[in-house]
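Here is the structure we will look at, set down as structure tokens.
The values are calculated or read from the model by the stated rules, or taken from the named source; none is laboratory data. A quick note: this is a predicted structure, and the numbers were derived from the prediction, not measured. Here Cβ is always computed from backbone atoms with ideal geometry, including for glycine, and neighbour counts include all displayed protein chains. For accessibility, only protein heavy atoms count, side chains too; no ligands or nucleic acids. Shrake-Rupley method; radii C 1.70, N 1.55, O 1.52, S 1.80 Å.
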Amino acid sequence: MAEYGISVGQRVVVIWDSSSPVEGLKNLVAKIQALVGPESRVSVENIDQLSHSAHAESSFDVVLSGMVPGSMTLHSAEVLAEIARILKPGGCVLLKEPVSSQIGDNSQIKTAARLLTALTLSGLVEVKELLKEPLTPEETQSVQEHLGYQGNDLLSVQMEGKKPNFEVGSSSQLKLSFAKKSASSGKPAVDPAAAKLWTLSANDMDDEGMDLLDSDELLDSEDLKKPDPSSLKAPSCKESGKKKACKNCTCGLAEDLEQEKKESLKPKSACGNCYLGDAFRCASCPYMGMPAFKPGEKILLAENNLHDA
């Protein structure tokens, strides 16, 4: 166990489950006790009762889970979070778990990549894979008995992770230095040659000796022509299927639509003969009895014409 980093005086907890052989658990605890010395006590916890234990935060230097030979321990997200809670800052966790070489129907058994991700999401850092090997016949039988998995694609993977050197919710004061800027860090120096180019003298301000251009001479006959209103319309107004003017229309479409609206409000005749007089009107014409008028003309009648004679 020396390769696991366990030294004298450290506090270690061993986590086991129902698949862990009793003799294998006893032998593992005895070996670890010999490594930490008589002054330290090795704790043993069942994985199903770990969350109900009375261990305070940052209680152990090393956590060993699923390391009992012959055990097939599966670590849920809740178990990994509890392991990270009871681990001291900078402490190490070593776990062993059966993984599948490919994603299968059994959602309990993870792949090696998913196990590594679960360890990282629990708050551990420097997570890495130490060992991956096929299951022994005893371990295969244990998987079939305790997990109900009948496949033959399982591997045993051993991983290591560490807790960051700080507790969750801890704070530290930041030391900030605000050095004063030197006087030389003000406005940049101006090149004298460049400044001379933008300096005006009294001669430059004398307009009497300068020839002024007439702005009208800059325009030719084409510039003075009034543009065609249709050419001022935006392409979107012509190509769009809907005839709807934009807000703050400047292409003339709003004026066209307003003119079309006024034309539609003018009275129209179904037969086209209403304005000619009664001789040309239909029997049911509403203009019957009225004098002839011009098309589109607004008819004004005296009040005495509205009553029967």
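Taking Cα centroids, how far is the range 117-179 from the range 54-94 in Å?
9
Accessible area per residue of the range 81-146 at 1.4 Å probe, in Å²?
Numbers: 3540 Å² over 66 residues.
With the other protein chains kept in place, the range 81-146 gives 54 Å² per residue.
Would you please state which residues of the range 18-34 a label at Q141 would reach in this model, taking the label point 7 Å out along Cα→Cβ and a backbone N cut-off of under 16 Å?
19-24
Starting from the 7 Å offset along Cα-to-Cβ, what nm value, one decimal, do you get for the label separation of V22 and K261?
Taking the simple label geometry, V22 and K261 are separated by 9.5 nm.
E57 to Q108: extension gain in nm, 0.36 nm per residue of separation minus the Cα-Cα distance?
Separation in residues times 0.36 nm, less the Cα-Cα distance, equals 15.6 nm.
Within 10 Å, count the other beta carbons around each residue, average over each peptide in 71-77, 41-47, and list them highest first. Each step should come with its number before you reach the end.
Details: 71-77: 19.1, 41-47: 16.7.
So the peptides 71-77, 41-47, ranked by packing, come out 71-77, 41-47.
Taking the inverse of the average 1/r across all pairs of different Cα atoms in the range 1-137, what Kirkwood radius in Å do you get? Display every interim value, and only then the final one.
Working: mean 1/r = 0.0645 Å⁻¹.
Its Kirkwood hydrodynamic radius stands at 15.5 Å.
Find the relative contact order for the range 1-127 and round it to a whole percent, using C-alpha pairs within less than 8 Å whose residues are 6+ positions apart. Before the final figure, lay out the partial values.
On the way: 202 pairs, mean separation 32.2, N = 127.
Result for the range 1-127 is 25 percent.
Once you put a point 7 Å from the Cα of T199 and another 7 Å from the Cα of S101, both along the Cβ direction, what distance in nm separates them?
Output for this residue pair reads 8.5 nm.
Mind giving me the FRET efficiency for Q158 and L121? R0 is 22 Å, r the Cβ-Cβ distance, nearest 0.05 is fine.
E(calc), rounded to 0.05, equals 0.70.
With label points built 7 Å along Cα→Cβ from the Cα atoms of S7 and D223, find their separation and express it in nm.
8.9
Can you tell me the length gained on complete extension of the stretch F166 to M290, counting 0.36 nm per residue apart and subtracting the Cα distance?
That works out to 34.5 nm of additional length.
Per the 1.4 Å probe, what fraction of the accessible area of the range 36-133, in percent, lies on carbon and sulfur atoms?
Solvent-exposed carbon and sulfur of the range 36-133 make up 49 percent of the total.
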